[in-house]
1. Would you be able to say whether some residue in region 31-45 is of a type outside the set (Val, Ile, Thr), at pLDDT below 80 and out of contact with any Leu (no Cβ under 7 Å at 6 or more places or on another chain)?
2. Being open to solvent by less than 80 Å² (accessible area, probe 1.4 Å) and under 13 Å from the mean Cα position of the chain (by Cα) is the filter here; which residues of region 54-67 pass it?
3. Across region 27-51, what is the number of residues that are open to solvent by less than 30 Å² (accessible area, probe 1.4 Å) and over 24 Å from Glu77 (Cα atoms)?
4. Enumerate the pairs (first residue in region 72-101 and without any contact (Cβ under 8 Å) to a residue 40 or more places away in the chain and within 16 Å of Asp39 (Cβ to Cβ); second residue anywhere and open to solvent by 60 Å² or more (accessible area, probe 1.4 Å) and of a type in the set (A, V, I, L, M)) with beta-carbon separation below 8 Å, excluding pairs fewer than 6 apart on the same chain, so at least 6 apart or on different chains.
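The values are calculated or read from the model by the stated rules, or taken from the named source; none is laboratory data. For clarity, every value in this text was computed on a predicted model and none was experimentally measured. Cβ atoms come from the backbone with ideal geometry, glycine included; neighbour counts cover every protein chain shown. Please note that ligands, DNA and RNA were not included when accessible areas were found on the heavy atoms of the full protein model with its side chains. Shrake-Rupley method; radii C 1.70, N 1.55, O 1.52, S 1.80 Å.
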Amino acid sequence: NNQEAARNYNNIGGVWNSLGKMEKAFEIYLKVYGKNHPDVAMNNNNIGSVWNSLGESRKALKYYEKALEIYLKVYGENHPDIARNYNNIGSAWDRLGQTKKAQLYLEKALEISRRFYSDNHPDVILYKNSIASLQKLKSG
């Protein structure tokens, strides 16, 4: 129950994760940090991103939504991690062909990130481009 042990568990979790044992890594994060910690949310987000990249967007949404729940408890509605999470959720809905839902989440991501960053920040540009791509798909 100290920082050194937490770092060691985190490193072990990273090794398990790199070996494709996402769930084992997640168990370690939970053991070290508990349910409502930003690192646990980040781990959920990472697992979601893996599932989304594998074309398993429904599974990805499950993890993204867990991450969002934790981030909201920790940070409230206004934080760059919330924006990134909304972007990930929007991406998953887009892959599922749900462009209206995707756009809602992407617009939330953009709105939040603009509170923290200028319009030329990479996150703001990413969210703008994602929204523009969705709108282009809807119109064409």
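1. Checked against the condition, which is being of a type outside the set (Val, Ile, Thr), at pLDDT below 80 and out of contact with any Leu (no Cβ under 7 Å at 6 or more places or on another chain), region 31-45 yields no hits at all.
2. Listed by number, the residues that qualify are Ser57, Ala60, Leu61, Tyr63, Tyr64, Ala67.
3. The number of residues fulfilling the criteria is 1.
4. Ile82/Leu72
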